[in-house]
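Student: Quick one: the structure is below, questions incoming.
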Amino acid sequence: MKTIDLVVPCYNEEEGLEHFVTETNKVINTLPDYYFRYILVNDGSKDKTYLVMKRLAAKFDNIKYISFSRNFGKEAAMYAGLQHCDADYVVVMDADLQHPPAVFPQMLEAMEEGWDCCATKRDEREGESFFRGAFSKLFFRLSNRMTDVKNPYGAMDYRMMTRQMVNSILELSEVQRFSKGIFSWVGFDTKWITFKTVDRELGKSSWKFSSLFKYAIDGITCFSVTPLRFTAVMGAIIFVLSLIYILVTLIQTLFFGIQTPGYVTTLCAVLFLGGLTEMSIGVLGEYIGRIYMESKDRPIYITKFSNFEDEDNEEK
Ligand code: UDP
Ligand code: MG
């Protein structure tokens with residue numbers, strides 16, 4: 001019998017977690033040829049998610065959990081889950097049923113056909129504001145262009161993968177994780193399936209527009225140095241242009257005398273170059289910051305409780 005591990009990051013999901021397990025179990029029961037196991041990762045929730053997890057684990061023996069010492073972010077939670085799985089196929093999915101378990105049969109079909117990964121992308125972006133939609137389209141376009149990461153528009157984290165692929169993902173042990181990029185970077189054959197997105201039923205999304213912006217910057221800087229090259233090219237172009245301008249001004253001055261009123265030119269040059277320098281330093285700083293964080297080599301997450309046998313840290 002093939003085994004499947006479901007890796008589920010949970011942050012403040014006390015309201016919806018039980019409902020998630022009930023709904024998912026309904027689908028699992030229609031697939032008797034596979035053994036499913038849950039790996040719930042409590043990402044330092046501020047509510048009673050952990051207690052709900054413990055209760056569920058006591059009720060169902062196919063529920064494992066890991067509970068972090070604080071909130072480390074969804075990426076860290078996914079990494080922890082992936083580190084603990086040992087099944088033939090591994091699924092990463094959200095706890096809010098926005099990643100419907102109903103597509104498991106479709107995913108399994110693809111896996112049995114020999115694909116290494118069956119990933120999902122959204123079909124329609126209903127309920128998404130025009131601004132947010134335009135922003136994410138721009139992001140997908142930019143990141144596909146600038147990086148080795150190729151994702152279709154609307155790609156989501158929700159996917160089923162082979163163990164082999166999961167092992168490769170675990171080899172990328174960077175602290176600043178950008179899963180969508182990592183999933184794509186490791187390669188392997190991915191089949192994309194679409195489904196209609198659903199709104200979160202219980203609890204609330206922990207995303208803000210500012211985190212979306214940060215997400216976009218991470219997505220590009222984690223996988224590409226194009227922004228650095230862009231500033232270098234920009235500098236080179238301006239250098240050549242200014243050489244020409246200097247030459248013209250010198251000739252003008254030598255042959256036609258000094259033309260004093262240069263107020264606008266001077267002001268424009270100073271402001272433009274100042275702005276550009278600041279921006280380049282900013283880009284540089286973005287990368288240096290990343291090197292700094294990465295060089296500390298801190299753990300990606302810290303476990304407080306778990307019910308995995310080999311980790312003797314279950315709460316007594
Ligand atoms: N999540 C997490 N850590 C966080 C934020 C979110 O583990 O710091 C989990 C959350 O519990 C959910 C998934 O990541 O299972 C997606 O979160 P959410 O629904 O808030 O994001 P959205 O669906 O809006 O992308
Ligand atoms: Mg959600």
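Student: What distance in nm separates the simple spin-label points at residue 170 and residue 298, each placed 7 Å from Cα in the Cβ direction?
Tutor: 2.4 nm
Student: Ranking request for peptides 212-221, 102-111, 81-90, 275-284: highest mean number of other beta-carbon atoms within 10 Å first, then the rest in descending order.
Tutor: Result, highest mean first: 81-90, 102-111, 212-221, 275-284.
Student: Just flag the chymotrypsin sites (Phe, Trp or Tyr not before Pro) in the range 1-80 sitting in loop per DSSP whose Cβ has no more than 16 other Cβ atoms within 10 Å.
Tutor: Hits after loop and neighbour filter: 60.
Student: Among 186, 173, 212, which residue has its Cα positioned farthest towards the positive end of the charge dipole of the range 173-214, with +1 placed on the Cβ of Lys and Arg, -1 on the Cβ of Asp and Glu, and the dipole taken about the Cα centre?
Tutor: Highest projection toward the positive end goes to 212.
Student: Here is a follow-up. Over all pairs of distinct alpha carbons, what does the Kirkwood formula give as the hydrodynamic radius of the range 1-130, in Å?
Tutor: After inverting the pairwise mean of 1/r, the radius is 15.3 Å.
Student: If we sort 230-241, 258-269 on the protection proxy, mean other Cβ atoms within 10 Å, highest first, what's the order?
Tutor: Ranked from most to least packed, the peptides come out as 230-241, 258-269.
Student: On the Cα set of the range 65-164, report Rg and Dmax in Å, please.
Tutor: In Å, with Rg to one decimal and Dmax whole: 15.5, 41.
Student: Okay, moving on. Using only C-alpha positions, report the orientation-averaged shadow area of the convex hull of the range 187-240, nm², one decimal.
Tutor: The directionally averaged projection comes out at 7.3 nm².
Student: Taking neighbour counts of Cβ atoms within 10 Å as a proxy for exposure, in what order, fewest first, do 140, 183 appear?
Tutor: By the 10 Å Cβ count, ascending, the order reads 140, 183.
Student: Please report, in whole Å, how far the alpha carbons of the chain spread along each principal axis, starting with the longest.
Tutor: 92, 43, 35
Student: Given 74/296; 54/191; 137/296; 59/204; 74/196, which pairs have Cα atoms separated by over 29 Å?
Tutor: Pairs exceeding the cut-off: 54/191; 137/296.
Student: I'd like to know which of 146, 27, 231 lies farthest towards the positive end of the charge dipole of the chain, counting +1 on Cβ of Lys and Arg and -1 on Cβ of Asp and Glu.
Tutor: About the Cα centre, the residue reaching furthest to the positive side is 231.
Student: Give me the Kirkwood hydrodynamic radius of the range 249-290 in Å, from all C-alpha pairs, to one decimal place?
Tutor: About 12.8 Å, per the Kirkwood formula over Cα pairs.
Student: Let me ask you something else. On C-alpha positions alone, give me the angle between the axis of helix 130-146 and the longest principal axis of the chain, in degrees, nearest 10.
Tutor: Result, in degrees: 80.
Student: Where both partners of a DSSP beta bridge lie in the range 114-248, what percent of those bridges are antiparallel, to the nearest 5?
Tutor: 40 percent
Student: Now a separate question. What is the distance in Å between the Cα centres of the range 32-59 and the range 242-316?
Tutor: Centre-to-centre distance over Cα atoms comes out at 43 Å.
Student: What angle do you read, to the nearest 10 degrees and between 0 and 90, between the alpha-carbon axis of helix 74-84 and the longest principal axis of the chain?
Tutor: It is inclined by approximately 50 degrees.
Student: If you restrict to DSSP beta bridges whose two residues both lie in the chain, what percentage is antiparallel, to the nearest 5?
Tutor: Counting DSSP beta bridges with both partners in the chain, the antiparallel share is about 30 percent.
Student: What are the trypsin sites (Lys or Arg not before Pro) within the range 1-60 that DSSP puts in a loop, where the Cβ has at most 14 other Cβ atoms within 10 Å?
Tutor: Within the range 1-60, the qualifying trypsin sites (Lys or Arg not before Pro) (loop, at most 14 other Cβ atoms within 10 Å) are 46.
Student: Also: Alpha carbon centre of the range 85-125 versus the range 178-222: separation in Å?
Tutor: 14 Å
Student: The range 145-273: Rg/Rh from Cα coordinates, Kirkwood Rh?
Tutor: 1.25
Student: If we count other beta carbons within 10 Å of each Cβ, what is the order of 53, 146, fewest first?
Tutor: 146, 53
Values quoted throughout were computed directly from the atomic coordinates according to the rules given, and no laboratory measurement underlies them. Quick caveat: nothing in here was measured; it's all calculated off a predicted structure. Glycine gets a Cβ as well: all are built from the backbone with ideal geometry, and neighbour counts include every protein chain shown.
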